[in-house]
Amino acid sequence: MGSRDQEQKTQNTDFAGQAVATRDAYGAALLELGKSNKNIVVLDADLSGSTKTKGFSKAFPERFFNMGISEQDMIGTAGGLSLTGKVPFASTFAVFETGRAWEQIRQTLCYSHLNVKLAATHSGITVGEDGASHQSLEDIALMRVLPGMTVIVPADGFETKQAIDAAAEFEGPVYIRLGRSKVPAVMPKDYKFQIGKAYTYSLGKDATIVAAGIMVSAALEAKEILSKEGIDAGVINMSTIKPLDGGALLAAADKSKLILTAEEHSIIGGLGSAVAEFLSENHPVKVVKIGMRDTFGCSGPPKELLQLYGLTAANMAETIKESLR
Amino acid sequence: MQSILNSRDISYLKERAREMRIEILKMLEKSGSGHTGGSLSATDIVAALYFYKMKHRPDNPDWAGRDRFILSKGHAAPLLYTTLALTGYFDKSLLDSLRRVGCPLQGHPSSKMLNGVEISTGSLGQGLSIANGIAMGLRLDKNPSRVYCLLGDGETQEGQVWEAAMSASHYRLDNLCAFVDLNGLQIDGRCCDVMNIEPVGDKWRAFGWHTLSIDGHDMQAIVDALDEAEKVKGKPCMILAKTVKGKGVSFFEGKAEYHGVTPTKEELELAIKELS
Ligand SMILES: Cc1ncc(C[n+]2csc(CCOP(=O)(O)OP(=O)(O)O)c2C)c(N)n1
Ligand SMILES: [Mg+2]
């Protein structure tokens, strides 16, 4: 009986309260979407096992297109499919999706505002052992700069599932940044994802951490560390990086002496830049950034890499303490 | 309304192409900037598409039953605009506003700004992938519409063209027919000097395409090739059209320098005389 309960739980496809890699939640979300929406089509570039589009390809072979190792062609083809009313999800690793095919995304998808969803996996340093060639640390910057592009970085499986559904409903190009490694559940069970709406856990009198993706769970840990030392820190999950939730940021800037941004991405052009751009114009307050500091990554287990590059709760807490001094 | 324009009458089609060339030159003279040579080399092909082969409804550009045309060599925008004007998508007077601020006739076609433009192009090498995607989507919908795509010969130096060549054949897109406008020239000179694309027929055949070679200014040959393309099953069709850049205006013909140069007032007068 107990084991059957367990099974019931793992089959619960909204992933509420479950630690799961966001790419796995994506694969599951696609499968469900495929059933309810006949216009969903999926494209991949020879990585369907890794991006988790394989489930969809098995269930709906006529609506799945493996384009081979040709990312530029994949983006153009997805654009063409969208012109016939389909809702294409095109997937590969983030570094290839946004890097190799950037100009196709600019010219074909964004300039014509096509209804194509780019669900890219293996973003950030937690790709791990494959090393720098496969660790995308620039994709948020590359996508955020494009007019009309929506950029979403879900923090856990539950949020991913909802973000994929929301992206499918939304009209226009959307970039969804997903990861390879398992991440803890961080969103409350009653959470409802909305494009452009941040989730504020709390605002801190001393500091508020604005995080995205895997850094949200680290931020929540940092808040605990700091509270033990009498420092009041808040946490915001800024899962939509474009359009940015300015209201949430203004509230944080009003209350906190310091904003710390945290992302598994270069501090140049990513979440930290987006937050700093907004606050410098609208509510100047000190902004300090945690992220990759103008460097490539390297091979290693994800946990060790997070340590090596300072993408940890301990480093966030330390940085906040130092900045408040 | 079914388009009333379409005809297989060769002299009618030639007359349309002649009119188109005159309008192209007029609009380019007026704008003072834009691409002359590559618009004139593909005029006969596009005339045959819009005045003979393609099902389309100028009064209902989004009609689901239409055949689609993707101008992959987007710099031939004056050719597309002229065709759309002369088939009735918009008033001919709009042609005078090419490349003006706020005008829907952008330097390169913008689908968000002008009805009848299926997709924005201008960055070379991307159109065939888009055409493939449309062909796949139409097939999923069991929509019998066909997709046409026009590429430049220099454009086929882009790697993405060959990715798309491979996938069109892999997915057996027999509802797709593409043209390469083989005018032999690109910006920096002759294709064979800049970056040789020959043997072009062997390449497309090797990629699995049903490949035809025609004289791209022989209206009868274009019309026949379009008819043949429609009968091909299980493969996309490539029509390699040998053309002359700047065709129809003696002093523009075969000159790489006239790729992106527009006629002066005097040149326009002379050109119209030659075309009349
Ligand atoms: C990706 C890209 N690179 C460069 C250009 C600049 N460009 C515009 S037209 C052209 C030459 C095109 O030659 P071809 O395809 O033979 O066209 P045609 O001779 O028919 O005008 C170039 C290089 C461009 N538009 N897109
Ligand atoms: Mg040429």
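Close Cβ contacts (under 6 Å, 6 or more residues apart or on different chains) running from residues in segment B:162-188 that are closer than 14 Å to B:H210 by Cα and within 14 Å of ligand 1 (Cβ to nearest atom) to residues that are in a strand (DSSP E or B) and not β-branched (V, I, T) comprise B:A178/B:C149; B:A178/B:M238; B:F179/B:L150; B:F179/B:A241; B:V180/B:L151; B:V180/B:L240. Return the residues of segment B:148-160 that are within 13 Å of ligand 2 (Cβ to nearest atom) and touching a residue at least 60 places away in the same chain (Cβ under 8 Å); say none if nothing qualifies. Within segment B:148-160, B:L150, B:L151, B:G152, B:E155 qualify. Scanning segment B:119-136 for residues that are facing chain A (nearest Cβ under 7 Å) and buried (at least 24 other Cβ atoms within 10 Å of the Cβ) yields a total of 10. When B:V46 is tested against the conditions (1) within 16 Å of ligand 1 (Cβ to nearest atom); (2) over 26 Å from A:S82 (Cα atoms); (3) surrounded by 24 or more Cβ atoms within 10 Å (Cβ to Cβ), the lone failure is (2).
Among the residues of segment B:126-138, is any within 25 Å of A:V87 (Cβ to Cβ) and within 15 Å of ligand 2 (Cβ to nearest atom)? Don't jump to the end; show me each part of the working.
So the first thing to find is which residues in segment B:126-138 are within 25 Å of A:V87 (Cβ to Cβ), and the list is B:126-138.
Right, trim to within 15 Å of ligand 2 (Cβ to nearest atom) and you get B:127.
Yes - at least one qualifying residue is present in segment B:126-138.
Checking B:D215, B:D181, B:D227, B:D202 one by one, the residue that is charged (D, E, K, R) and closer than 30 Å to B:G32 by Cα is B:D181 and no other.
Taking the criterion of being in contact with an Asp or Glu (Cβ under 8 Å, 6 or more places away or on another chain), farther than 22 Å from A:A233 by Cα and of a type in the set (S, T, Y), the residues of segment A:246-305 that qualify are A:S266, A:S299. Kindly check whether there is at least one residue in segment B:138-145 that is among the hydroxyl-bearing types (S, T, Y), free of Cβ contacts under 8 Å to residues at least 24 places away in the same chain and at the interface with chain A (Cβ under 10 Å from one of its Cβ atoms). The answer is no; no qualifying residue exists.
Determine, yes or no, whether B:L105 is more than 14 Å from every other protein chain (Cβ to nearest Cβ), hydrophobic (A, V, I, L, M, F, W, C) and in a loop (DSSP other than H, G, I, E, B). Break it down stepwise before answering.
On the way: more than 14 Å from every other protein chain (Cβ to nearest Cβ): yes; hydrophobic (A, V, I, L, M, F, W, C): yes; in a loop (DSSP other than H, G, I, E, B): yes.
Yes: the conditions hold for B:L105.
Quick one: which helices (runs of 4 or more DSSP H) lie wholly within segment A:31-138 and hold at least 3 residues that are free of Cβ contacts under 8 Å to residues at least 40 places away in the same chain?
Numbers: elements: A:48-51, A:54-59, A:71-83.
Result: A:54-59, A:71-83.
Among residues of segment A:17-54 being within 14 Å of another protein chain (Cβ to nearest Cβ) and either surrounded by fewer than 18 Cβ atoms within 10 Å (Cβ to Cβ) or of a type in the set (K, R) (or both), the one that is nearest to A:A167 (Cα to Cα) is A:N37. Applying the criterion of being closer than 23 Å to B:S41 by Cα and free of Cβ contacts under 8 Å to residues at least 24 places away in the same chain to the residues of segment B:228-252, the residue that is farthest from ligand 1 (Cβ to nearest atom) is B:E228. Whether any residue in segment B:4-15 is more than 14 Å from every other protein chain (Cβ to nearest Cβ) and within 16 Å of ligand 1 (Cβ to nearest atom) is what I want to check. Checked against the condition, which is being more than 14 Å from every other protein chain (Cβ to nearest Cβ) and within 16 Å of ligand 1 (Cβ to nearest atom), segment B:4-15 yields no hits at all. Run down B:S110, B:S120 and say which single residue is free of Cβ contacts under 8 Å to residues at least 24 places away in the same chain and within 18 Å of the chain's Cα centre (by Cα). Criteria check complete, one pass: B:S110.
Pick out the one residue from B:S129, B:S110 that is in a loop (DSSP other than H, G, I, E, B) and on the phi < 0 side of the Ramachandran plot.
Numbers: B:S129 fails: in a loop (DSSP other than H, G, I, E, B).
On inspection, the qualifying residue turns out to be B:S110.
Every condition in (1) farther than 18 Å from B:G38 by Cα; (2) buried (at least 16 other Cβ atoms within 10 Å of the Cβ); (3) within 16 Å of ligand 1 (Cβ to nearest atom) is met by B:N196 except one, and the failing one is (2).
Restricting segment B:161-186 to residues that are of a type outside the set (A, V, I, L, M, F, W, C) and within 16 Å of ligand 2 (Cβ to nearest atom), which is nearest to B:D44 (Cα to Cα)? Taking the candidates together, the pick is B:D181.
On the stretch given as segment A:91-104, residues that are more than 14 Å from ligand 1 (Cβ to nearest atom) and either touching a Gly at 6+ places or on another chain (Cβ under 9 Å) or among the hydroxyl-bearing types (S, T, Y) (or both) total 4. Taken together, the residues in segment B:61-96 that are away from ligand 2 (no atom under 16 Å from the Cβ), more than 13 Å from chain A (Cβ to nearest Cβ), touching a helix residue (DSSP H, G or I) at 6+ places or on another chain (Cβ under 8 Å) and not in a helix (DSSP H, G or I) amount to 2. Just to be sure, is A:S57 touching a Phe, Trp or Tyr at 6+ places or on another chain (Cβ under 9 Å) and either at pLDDT 95 or above or within 9 Å of another protein chain (Cβ to nearest Cβ) (or both)? Here the answer is yes, as A:S57 does meet what is asked.
Tally up the residues in segment B:152-185 that are assigned to a strand (DSSP E or B) and within 14 Å of chain A (Cβ to nearest Cβ), please.
From segment B:152-185, those assigned to a strand (DSSP E or B) are B:152, B:176-182, B:185; that's our starting set.
From what is left, the residues that are within 14 Å of chain A (Cβ to nearest Cβ) are B:176, B:178.
Residues that pass the stated criteria total 2.
The values are calculated or read from the model by the stated rules, or taken from the named source; none is laboratory data. This structure is a prediction, so every number in the text was calculated from the model and none was measured. Every residue, glycine among them, receives a Cβ derived from its backbone with ideal geometry; neighbour counts consider all protein chains shown.
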